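Colleague: Take a look at this one; I'll ask things after.
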Amino acid sequence: MKTFLDCVPCFLRQTLAASRMATDNLETQEKILREVLTMAAGLSFSRTPVHMGRDIHRVIKKFSGNADPYWAAKQHFNDEVLKLYPELKQKVKASDHPFATAVRLAIAGNIIDLGIKMTKDDINLQETIADTLAQPFAINRLAELENAIKTARSIMYLGDNAGEIVFDRILIEELPRDKIIFAVKSLPIINDATLEDAREVGLTEIVKVIENGSDAPGTILEDCTEEFQKLFAQADLVIAKGQGNYETLNDVKRANVFFLLKAKCPVLARDLGCEIGSIIATCNNANDLKAGKTRVGNVKR
């Protein structure tokens, strides 16, 4: 997904919020904002929003000297969702359709996104869980995903945020775990999950977990290690969580990349043709590309 004009105010809002988390020094916050304003003036709209997000947070770390401004928030959500784990497992167990319920819970966890939300206090987990379990899918390709899981010999699962990966664990426990490789970021970026977070929530005990080599809040393939790129290319099925992974991979030219997310951003919602807050289970357009069809975007620059 390309960057649109409406993304620019969001870049600046995120810069200000993140710089305040990184440092209390007003002069440093001003330097960060001015540097990002200069970057924004020359940004390429042909790149994804994730590219700019990555560059913004590199600036914040450089000027503040804080390598992980969201560390406390990540710890908070790992702890909070782990407390909910028994309750969430019971919801899946009691469901008439455990797989579909586990997918819905995984999508509910996508609300834990401090790239969109201003602070952790803006996130109401219990309300989001109840809403996600009840509302219809705006895009529903669950049947295709379930079939792809049954026939896949290897599955790569791309994680998104700390705390959210507890919800992912619940879904993974409904899948053939021996086929799964779970990928996390190699360096802290916003509240995205790292290997440390995967260990804390027990994911490393149930599936193979790898780092992707990147510090981008999505999956920019050229930023990732050769090992990750090889495993991504070889996987029969890729399950990608969250907005950043959709933005960076929705046009990738390979089949069987499924996206599970909440539409939290108006630009993304228009691109998907849905309302903000919608729950989405969709697939990339690789098959349409192979057939010579063109995907028509819904957003105007």
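Colleague: Give just the number: which of (1) over 13 Å from the mean Cα position of the chain (by Cα); (2) over 16 Å from P69 (Cα atoms) does D168 not satisfy?
Modeller: (1)
Colleague: Residues in region 209-221: is at least one at pLDDT below 95 and under 13 Å from the mean Cα position of the chain (by Cα)? I'd like the intermediate steps shown before the answer.
Modeller: So in region 209-221, the residues at pLDDT below 95 come out as none.
Within region 209-221, none of the residues are at pLDDT below 95 and under 13 Å from the mean Cα position of the chain (by Cα).
Colleague: Additional query: What are the residue pairs meeting all of these: first residue in region 251-279, first residue in contact (Cβ under 8 Å) with a residue 40 or more places away in the chain, second residue of a type in the set (D, E, K, R), Cβ atoms under 6 Å, and 6 or more apart or on different chains?
Modeller: Listed by first residue and then by second, the contacts come to L260/K241; V267/D6; I279/K262.
Colleague: I've got another one for you. Looking at A148, is it out of contact with any Ser or Thr (no Cβ under 7 Å at 6 or more places or on another chain) and without any contact (Cβ under 8 Å) to a residue 60 or more places away in the chain? Give the steps one after another, and end with the answer.
Modeller: Details: out of contact with any Ser or Thr (no Cβ under 7 Å at 6 or more places or on another chain): yes; without any contact (Cβ under 8 Å) to a residue 60 or more places away in the chain: no.
So A148 does not fit the description; no.
Colleague: Given (1) surrounded by fewer than 17 Cβ atoms within 10 Å (Cβ to Cβ); (2) more than 30 Å from G65 (Cα to Cα); (3) in contact with a strand residue (DSSP E or B) (Cβ under 8 Å, 6 or more places away or on another chain), identify the lone condition not met by E146.
Modeller: If we test E146 against (1) surrounded by fewer than 17 Cβ atoms within 10 Å (Cβ to Cβ); (2) more than 30 Å from G65 (Cα to Cα); (3) in contact with a strand residue (DSSP E or B) (Cβ under 8 Å, 6 or more places away or on another chain), just (3) comes out false.
Colleague: For region 49-73, name all the residues that are more than 26 Å from N250 (Cβ to Cβ), among the basic types (K, R) and surrounded by 15 or more Cβ atoms within 10 Å (Cβ to Cβ).
Modeller: Matches in region 49-73: K61 only.
Colleague: Taking the stated definitions as given, is N284 within 28 Å of L105 (Cβ to Cβ), buried (at least 21 other Cβ atoms within 10 Å of the Cβ) and modelled with pLDDT under 90?
Modeller: Details: within 28 Å of L105 (Cβ to Cβ): yes; buried (at least 21 other Cβ atoms within 10 Å of the Cβ): yes; modelled with pLDDT under 90: yes.
Yes, satisfied.
Colleague: If you don't mind, another one. Just to be sure before I move on: is A143 assigned to a helix (DSSP H, G or I), within 23 Å of N245 (Cα to Cα) and over 21 Å from the mean Cα position of the chain (by Cα) in the structure I sent?
Modeller: Details: assigned to a helix (DSSP H, G or I): yes; within 23 Å of N245 (Cα to Cα): yes; over 21 Å from the mean Cα position of the chain (by Cα): yes.
Answer is yes for this residue.
Colleague: Take the residues in region 96-116 that are in contact with a strand residue (DSSP E or B) (Cβ under 9 Å, 6 or more places away or on another chain) and in a loop (DSSP other than H, G, I, E, B); name whichever of them is nearest to R13 (Cα to Cα).
Modeller: Here the residue is G115.
The values are calculated or read from the model by the stated rules, or taken from the named source; none is laboratory data. A quick note: this is a predicted structure, and the numbers were derived from the prediction, not measured. Methodologically, a virtual Cβ is constructed for each residue, glycine included, from the backbone with ideal geometry; neighbour enumeration extends over all protein chains shown.
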